[in-house]
Amino acid sequence: MVQASPNFDATLQGPAWALSSIYAQITYAALQTRIATATDGYLDLISNDFFGTSLPRLTNEPDGDFRARILANLFVKDRRARTCRRSSRLSPAHAGHL
């Protein structure tokens, strides 16, 4: 039969809780380093880093939708160029003129 030893348990539980909290923070921080896994205000920071103030989060926009907009605009230099490319795909007759 195992005897209860509250002092020994408390001595182990204190550092274990602290180390567990540190590990949770490290894991959360690691997730914020990629667009695919970033959440909350970190997506706003990513958008600001890549696009400045031209691609803000919409009011009450969920992380998934905002992430999709960031990824959709990531490799587009100019929105007008994106529109031209899109219209050339829709209208093959004009594709040679671009």
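Computed from the coordinates by the stated procedures, all read-outs in this text should not be read as laboratory data. As the structure is a computational prediction, the values presented were derived from the model and not from experiment. Every residue, glycine as well, gets a Cβ built from its backbone with ideal geometry; the counts of neighbours run over all protein chains shown.
Rounded to the nearest whole Hz, the Karplus-based 3J(HN,Hα) values (6.51 cos²θ - 1.76 cosθ + 1.60, θ = phi - 60°) of the range 22-29 follow the sequence 5, 4, 4, 5, 5, 5, 4, 5, with x at glycine and proline. Taking Cβ atoms as reference points and 11 Å as the exclusive limit, the residues near D40 contribute a net charge of -1, counting Lys and Arg as +1 and Asp and Glu as -1. In order along the range 48-53, the phi-based Karplus estimate (6.51 cos²θ - 1.76 cosθ + 1.60, θ = phi - 60°) of 3J(HN,Hα) comes to 5, 5, 7, 10, x, 9 Hz; Gly and Pro are listed as x. What is the local net charge at D65, summed over the other residues whose Cβ is closer than 15 Å to its Cβ (Lys, Arg +1; Asp, Glu -1)? Net of charged neighbours comes to -1. Per residue, the Cα convex hull of the range 1-60 amounts to 141 Å³.
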